[in-house]
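To start, the structure itself, in structure tokens.
The values are calculated or read from the model by the stated rules, or taken from the named source; none is laboratory data. Everything numeric here is computed off the predicted structure, so don't read it as measured data. Note: ideal-geometry Cβ built from the backbone for every residue, glycine included; neighbour counts use all protein chains shown. Ligands, DNA and RNA are stripped out before the accessible areas are found, and what is left, the full protein with its side chains, is counted by its heavy atoms. Shrake-Rupley method; radii C 1.70, N 1.55, O 1.52, S 1.80 Å.
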Amino acid sequence: MSVADTLTGRRVAFLVAPEGTEQVELTEPWKAVENAGGRPELISTKSGDVQAFNHLDKGDTFSVDKTVAEASVDDYDGLVLPGGVANPDLLRTDADAVSFVREFFTRQKPVAVICHGPWTLIEADVVRGRRLTSWPSLRTDLRNAGAEWVDEEVVVDNGLVSSRKPDDLPAFCSKLVEEIAEGKHSKQTASA
């Protein structure tokens with residue numbers, strides 16, 4: 001099977017807040033899913049468009065496919081949580097978003113998270129006993145939530161893929177495609 005066919009027939013949810021997503025952490029994984037034959041869908045807490053950012057400067061806007069309240073985990077084979085500081089901070093205050101994230105773990109489906117994205121995982125209470133990485137400023141938050149934080153380009157822990165920053169995107173994208181292609185991970189439920 002070629003890389004182009006790896007995710008054929010698979011749908012991948014990209015969950016972002018209405019603003020504050022680091023644009024490259026949305027667009028590069030999105031392209032990776034498409035290039036592997038998968039179908040990415042943009043999910044947010046509100047309908048319409050989301051405003052992405054290039055660090056602190058406004059970037060492009062992207063059209064939302066579904067709100068998180070309308071979306072069902074049953075319809076997706078994996079979840080990607082891009083970073084940006086404001087994005088996960090907004091998501092972790094939305095009950096539907098937090099439940100949506102937690103349900104991916106309960107259903108043993110792969111989840112990929114980068115940069116500040118793990119804040120939403122902490123709120124969903126799914127990092128206890130897990131090994132992952134993030135933007136360095138989340139290290140203490142993750143440890144306090146029961147995770148083992150490491151400073152590595154990409155970390156894979158039973159279906160949970162994590163990376164630190166945009167420079168890690170090539171490794172992150174490769175591993176998220178691989179984990180979604182593998183399907184369910186029985187140990188994913190342990191932390192949910």
### Query
Which ones in region 129-165 are under 19 Å from LYS184 (Cα atoms) and in contact with a helix residue (DSSP H, G or I) (Cβ under 8 Å, 6 or more places away or on another chain)?
GLY129, ARG130, LEU132, VAL156, ASN158, GLY159, LEU160, VAL161, SER162
### Task
Of the conditions (1) farther than 23 Å from PRO166 by Cα; (2) under 13 Å from the mean Cα position of the chain (by Cα), SER99 clears all except one; give me its number.
(2)
### Message
Just to be sure I understand, how many residues within region 1-35 are open to solvent by less than 70 Å² (accessible area, probe 1.4 Å), in a helix (DSSP H, G or I) and aliphatic (A, V, I, L, M)?
### Response
5
### Task
Just need a number here: residues in region 51-110 that are free of Cβ contacts under 8 Å to residues at least 40 places away in the same chain, among the aliphatic types (A, V, I, L, M), open to solvent by 60 Å² or more (accessible area, probe 1.4 Å) and not in a loop (DSSP other than H, G, I, E, B).
1
### Query
Among the residues of region 113-141 satisfying the criterion of being closer than 22 Å to PHE14 by Cβ and part of a helix (DSSP H, G or I), which is most open to solvent (accessible area, probe 1.4 Å)?
GLU123
### Task
Filter region 153-187 for residues that are surrounded by fewer than 15 Cβ atoms within 10 Å (Cβ to Cβ) and either in contact with a Leu (Cβ under 7 Å, 6 or more places away or on another chain) or not in a helix (DSSP H, G or I) (or both) and give the result.
GLY183, LYS184
### Residue, nearest to LYS187 (Cα to Cα), within region 102-114, restricted to residues that are over 10 Å from the mean Cα position of the chain (by Cα) and of a type outside the set (Val, Ile, Thr)
GLN108
### Query
Residue check: is GLY146 surrounded by fewer than 23 Cβ atoms within 10 Å (Cβ to Cβ) and over 23 Å from GLU19 (Cα atoms)?
yes
